[in-house]
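Down below is the structure, laid out as structure tokens.
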Amino acid sequence: PGKFLSGTQATFLYSFGPDPIAPTLEHNPVASVKSSDTGLPLIANADDFFTGVNEVIVEWMLNGEAQPSVVLPFNSEEGFEGNRYEGTVPFPRALTESDVIEYRIIVRDNSSLANQTVLPETGFYSVSVIPVVEPVVSYYNDFDTGGMDDFEGDFGIGTVAGFSNGAIHSLHPYQNAGSDKTINYTYELKFPIILAESDGAFMIYDEVVLVEPPNPGARFGETEFWDYCIVEGKKLGDTRWLPFLDGYDSSDNSTWLTLYNNGIPPGSNNSQRNGNSTMFMEKRIDLLANGNFTSGDTVFVRFRLFSDPFAVGWGWAIDNLNIQDRTVAVEDFVLENNFNLVPNPVDNDEVTVALDLENSTEKLTITVFDLYGRRIYQRAITDRSRIVRHRIDLSNLPPGMYLVQAAFNDRDVIVKKLIKN
């Protein structure tokens with residue numbers, strides 16, 4: 001390097017001989033998976049200063065029995081973390097609540113000594129299996145009185161300064177991730193949602209977003225889009241979280257953007273202005289619009305706030321969450337006690353769907369789903385009389401639990417649980 005006129009002289013560093021230094025390894029352990037999951041997604045940050053990383057592998061056990069090791073590939077597309085390895089450990093079968101998964105991560109360098117680092121340093125991480133909550137067709141919560149345990153993750157539900165009643169709140173302010181790191185704050189609804197037909201698959205909520213805006217011209221997915229909020233879904237039985245829409249930030253609304261920018265004091269990159277209830281704006285999401293999901297899919301839903309290594313703001317607030325909730329409209333067609341499955345449980349191979357309609361309907365569709373959200377039967381009912389008795393042959397279905405859905409005009413739905421012995 002060139003000679004400094006003042007200060008400390010910069011130098012090149014050259015090392016030779018055997019490499020005795022083990023690589024570095026960082027990992028946030030996974031505590032649990034759902035019984036519907038088909039694999040265990042893992043992320044690790046591994047680096048080696050001298051000879052570089054040779055491999056990052058996962059050794060794991062299912063109920064104490066060793067399973068084939070899995071290599072975590074390097075993620076070359078990660079814009080902030082240049083040492084990120086991630087992959088999925090596939091499960092050999094469907095899981096039950098009694099199963100126990102244990103794993104550890106090992107990184108080895110390219111030196112002749114094959115130095116390695118293991119996490120945890122002794123033993124294995126333990127992962128519990130959580131049973132899937134029964135799917136629902138709609139969800140609504142104003143977060144004022146109930147449903148405080150309906151979510152899990154890094155956000156919270158409550159009343160904070162500037163707000164007169166309950167809402168979902170991220171950390172205020174949320175934190176930046178630090179050099180070469182990222183943070184994903186998530187908040188997941190425990191109930192999987194069965195996506196409705198056509199315009200019935202929607203999500204509406206009120207929100208305040210004071211999250212770092214992008215550089216001019218940067219698009220979602222590019223590094224300089226910086227921090228963002230996003231709503232994602234994961235199909236029952238899948239391991240991938242897919243977006244319902246592109247990520248967004250304070251630039252989504254001129255009021256938020258002005259407040260965020262005006263809140264950055266001289267000499268700082270962070271906005272210090274706080275959100276309040278007067279800033280709430282309505283967000284509408286078509287859950288089928290981008291093609292990642294289709295009608296009939298059973299999906300888990302989560303909110304995610306992504307934070308990069310740099311500037312931060314107040315964060316995200318969400319209120320009056322409405323996912324496919326059209327309860328009043330459904331009751332215009334049929335009361336729940338006028339929708340029956342006979343017999344239930346089913347000991348033979350046939351069930352009768354019995355509906356006493358309150359009013360005539362232009363279109364009635366009967367659909368049967370399994371617990372993985374797969375559509376296994378569907379029939380449009382052309383008889384528009386107020387008394388409907390529709391028989392379904394179940395002889396080709398294995399024993400288990402199913403969901404029978406009655407959909408009115410492709411929009412309003414009501415669901416019953418069916419057990420086949």
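The values are calculated or read from the model by the stated rules, or taken from the named source; none is laboratory data. Here the structure is a predicted model, which is why all the values come from computation and not from measurement. Cβ atoms come from the backbone with ideal geometry, glycine included; neighbour counts cover every protein chain shown. When the accessible area is computed, the model is the full protein with side chains, heavy atoms only, and any ligands, DNA or RNA have been set aside. Shrake-Rupley method; radii C 1.70, N 1.55, O 1.52, S 1.80 Å.
Things worth noting here:
- Members of segment 266-294 found to be under 30 Å from residue 407 (Cα atoms) and open to solvent by 20 Å² or more (accessible area, probe 1.4 Å), listed by number: 282, 283, 284, 286, 288, 289, 290, 291, 292, 294
- Just one residue in the set 160, 132 is touching a strand residue (DSSP E or B) at 6+ places or on another chain (Cβ under 8 Å) and modelled with pLDDT of 95 or more; that residue is 160.
- Residues in segment 169-221 that are of a type in the set (A, V, I, L, M), crowded, with 19+ Cβ neighbours inside 10 Å and within 23 Å of residue 292 (Cβ to Cβ): 189, 193, 194, 195, 196, 201, 203, 209, 211.
- Scanning segment 254-292 for residues that are assigned to a loop (DSSP other than H, G, I, E, B) and closer than 30 Å to residue 195 by Cβ gives 280, 287, 288, 289, 290, 291, 292.
- Residue 152 fulfils the conditions (1) in contact (Cβ under 8 Å) with a residue 24 or more places away in the chain; (2) more than 17 Å from residue 169 (Cα to Cα); (3) open to solvent by 30 Å² or more (accessible area, probe 1.4 Å); (4) not polar (S, T, N, Q) except for a single criterion, (2).
- Test result for residue 357, more than 22 Å from residue 235 (Cβ to Cβ), open to solvent by less than 40 Å² (accessible area, probe 1.4 Å), at pLDDT 70 or above and not charged (D, E, K, R): yes
- Residue 406 being of a type in the set (A, V, I, L, M), open to solvent by 40 Å² or more (accessible area, probe 1.4 Å) and modelled with pLDDT of 80 or more: no
- Scanning segment 36-73 for residues that are assigned to a loop (DSSP other than H, G, I, E, B), open to solvent by 60 Å² or more (accessible area, probe 1.4 Å) and touching a residue at least 24 places away in the same chain (Cβ under 8 Å) yields 38, 49, 50, 63.
- Residue in segment 323-331 that is at pLDDT 90 or above, in a strand (DSSP E or B) and open to solvent by less than 70 Å² (accessible area, probe 1.4 Å) present: yes
- Only one entry of 80, 151, 143 meets the criterion of being within 22 Å of residue 230 (Cα to Cα) and in contact with a Pro (Cβ under 9 Å, 6 or more places away or on another chain), and that entry is 80.
- When residue 394 is tested against (1) at pLDDT below 90; (2) buried (at least 16 other Cβ atoms within 10 Å of the Cβ), only condition (1) is not met.
- Residue within segment 21-34 that is part of a strand (DSSP E or B), modelled with pLDDT of 95 or more, of a type in the set (A, V, I, L, M, F, W, C) and open to solvent by 60 Å² or more (accessible area, probe 1.4 Å) present: no
- Residues located in segment 74-109, provided they are surrounded by 12 or more Cβ atoms within 10 Å (Cβ to Cβ) and part of a loop (DSSP other than H, G, I, E, B): 75, 78, 79, 80, 81, 82, 83, 91, 94, 95, 99
- Filter result for the condition that a residue is in contact (Cβ under 8 Å) with a residue 24 or more places away in the chain and either more than 22 Å from residue 284 (Cβ to Cβ) or open to solvent by less than 30 Å² (accessible area, probe 1.4 Å) (or both), over 239, 255: 239
- Picking from residues in segment 187-221 that are among the charged types (D, E, K, R) and touching a residue at least 60 places away in the same chain (Cβ under 8 Å), the one that is farthest from residue 248 (Cα to Cα) is 197.
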